[in-house]
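*Asks:* This structure is in structure tokens; I'll ask about it shortly.
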Amino acid sequence: SAVRWLAEYDVSGFRLDHAVAPSMDFWVAFRKATREARSDSFTVGEVVDSPDSLRRFRQRLDAILDFPLARALRSTFATGSWNVRQLDNFLNAYEAFMATGPYRVSFLDNHDMDRFLFIAGNDVKRLKLAALCQFALQPTPVIYYGTEIALRQRRPCNDRAAGGDAQARGDMVWDESQWDQDLLDFYRRLIRARKERAVLQSGARRTVHCDPDRQTYAFVRSTSRGQ
């Protein structure tokens, strides 16, 4: 089926749901078959598991959705249950551990969890800080539809009486008068910076400031040439 979509419908690749279910032998065969059908095809797997499990998908999938990083960003910038020292400690250890793993794709929210803005108490400033950090880190950032215009949900996803995760999957608002234009412009500037500065895609990260008392944090990304 995958080969047919690549060969006959010019599909570029696949986002693979629940990628932990099939065996690693399956993904080796899947990669071989899809590469033969289209050499530049790309696969991103939804792997909701431990970092050790995620790392094993190297050379099986091209990339994995980075759930551990999403939890860290949400804990730091949305709920405030982490301080910046905890975030920095996580990034230092996690990035070193995942250096031998597959490429990673970052996100702040998705269809299976409460929207970032909801758990941040609808504080757009918190969302901007999280997005800034997300786009400044190496994993390729993706945006869940509506996050860029401050699409909101009314009830938590664990409220089954209110529709459960349907709360996080509400219809996109197409009336631009209801969009948060300032937030949208902020996201556009992040995207532009990401595209124009190669260092944000491949440069090494180094912490230069971390003060958990004042909750201030800074790191630099640089290449071997110091850019």
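The values are calculated or read from the model by the stated rules, or taken from the named source; none is laboratory data. Just so it is clear, the model here is predicted, and its values are computed rather than measured. Methodologically, a virtual Cβ is constructed for each residue, glycine included, from the backbone with ideal geometry; neighbour enumeration extends over all protein chains shown. For accessibility, only protein heavy atoms count, side chains too; no ligands or nucleic acids. Shrake-Rupley method; radii C 1.70, N 1.55, O 1.52, S 1.80 Å.
*Asks:* Of all residues in segment 92-104, which are of a type in the set (A, V, I, L, M) and surrounded by 20 or more Cβ atoms within 10 Å (Cβ to Cβ)?
*Replies:* Of all residues in segment 92-104, those of a type in the set (A, V, I, L, M) come to 93, 96, 98-99.
Within segment 92-104, 98 is the sole residue that qualifies.
*Asks:* Quickly run through segment 193-227 and pick out the residues that are part of a helix (DSSP H, G or I) and either free of Cβ contacts under 8 Å to residues at least 12 places away in the same chain or open to solvent by less than 40 Å² (accessible area, probe 1.4 Å) (or both). So that I can check it myself, show each step before the final result.
*Replies:* Step one: filter segment 193-227 for residues part of a helix (DSSP H, G or I), giving 193-196, 199-202.
Those that are part of a helix (DSSP H, G or I) and either free of Cβ contacts under 8 Å to residues at least 12 places away in the same chain or open to solvent by less than 40 Å² (accessible area, probe 1.4 Å) (or both): 193, 194, 195, 196, 199, 200.
*Asks:* Show the residue pairs that are 6+ apart or on different chains and have beta-carbon atoms under 7 Å apart, the first residue being within segment 81-107 and more than 16 Å from residue 48 (Cβ to Cβ), the second being hydrophobic (A, V, I, L, M, F, W, C) and open to solvent by 10 Å² or more (accessible area, probe 1.4 Å).
*Replies:* 84/210; 85/210; 88/210
*Asks:* Just to be sure, is residue 75 open to solvent by less than 80 Å² (accessible area, probe 1.4 Å), among the small types (Gly, Ala, Ser), within 24 Å of residue 136 (Cβ to Cβ) and part of a loop (DSSP other than H, G, I, E, B)? Quick ask: steps written out before the conclusion?
*Replies:* Working: open to solvent by less than 80 Å² (accessible area, probe 1.4 Å): yes; among the small types (Gly, Ala, Ser): yes; within 24 Å of residue 136 (Cβ to Cβ): yes; part of a loop (DSSP other than H, G, I, E, B): no.
Spelling it out, it is not the case that residue 75 is open to solvent by less than 80 Å² (accessible area, probe 1.4 Å), among the small types (Gly, Ala, Ser), within 24 Å of residue 136 (Cβ to Cβ) and part of a loop (DSSP other than H, G, I, E, B).
*Asks:* Could you grab me the full set of residues in segment 28-67 that are open to solvent by less than 10 Å² (accessible area, probe 1.4 Å) and either in contact (Cβ under 8 Å) with a residue 60 or more places away in the chain or part of a helix (DSSP H, G or I) (or both)?
*Replies:* Those that are open to solvent by less than 10 Å² (accessible area, probe 1.4 Å) and either in contact (Cβ under 8 Å) with a residue 60 or more places away in the chain or part of a helix (DSSP H, G or I) (or both): 34, 54, 63, 66.
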